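See below for the structure under consideration.
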């Protein structure tokens with residue numbers, strides 16, 4: 001079973017990545033990606049959070065896996081939005 005601290009840390013990491021990616025997505029829509037480096041960094045942070053979720057899910061209980069799954073869906077949805085908008 002994953003510890004509460006590791007779950008809390010990972011959820012915080014995911015929320016930070018989502019917040020950063022949302023900011024970059026909004027900025028990208030307004031500025032049409034003049035800051036490609038920030039946009040790429042946001043996508044990388046989403047991917048890193050997704051990978052960390054997958055690793056932690058291996059040692060989590062059913063309730064924790066459900067929470068991680070919901071967070072994974074949020075990450076994937078935001079990744080898809082960022083990838084699908086035209087550059």
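The values are calculated or read from the model by the stated rules, or taken from the named source; none is laboratory data. The shown structure was predicted, so the numbers you read here are calculated from the model rather than taken from an experiment. Reconstructed Cβ throughout: ideal geometry from the backbone, glycine too, with neighbour counts over all protein chains shown.
List of remarks:
- Candidates 46, 10 - the one that is crowded, with 16+ Cβ neighbours inside 10 Å, assigned to a helix (DSSP H, G or I) and under 9 Å from the mean Cα position of the chain (by Cα): 46
- Those residues of segment 49-68 which are loosely packed, with under 12 Cβ neighbours inside 10 Å, in a helix (DSSP H, G or I) and in contact (Cβ under 8 Å) with a residue 12 or more places away in the chain, in sequence order: 54
- For segment 22-39, the count of residues that are in contact with a helix residue (DSSP H, G or I) (Cβ under 7 Å, 6 or more places away or on another chain) and within 30 Å of residue 1 (Cβ to Cβ) is zero.
- Which listed residue is under 18 Å from residue 85 (Cβ atoms), surrounded by 14 or more Cβ atoms within 10 Å (Cβ to Cβ), within 13 Å of the chain's Cα centre (by Cα) and at pLDDT below 95, from 24, 74: 24
- Evaluating residue 79 against the criteria (1) surrounded by 11 or more Cβ atoms within 10 Å (Cβ to Cβ); (2) farther than 17 Å from residue 19 by Cβ leaves one unmet condition, (2).
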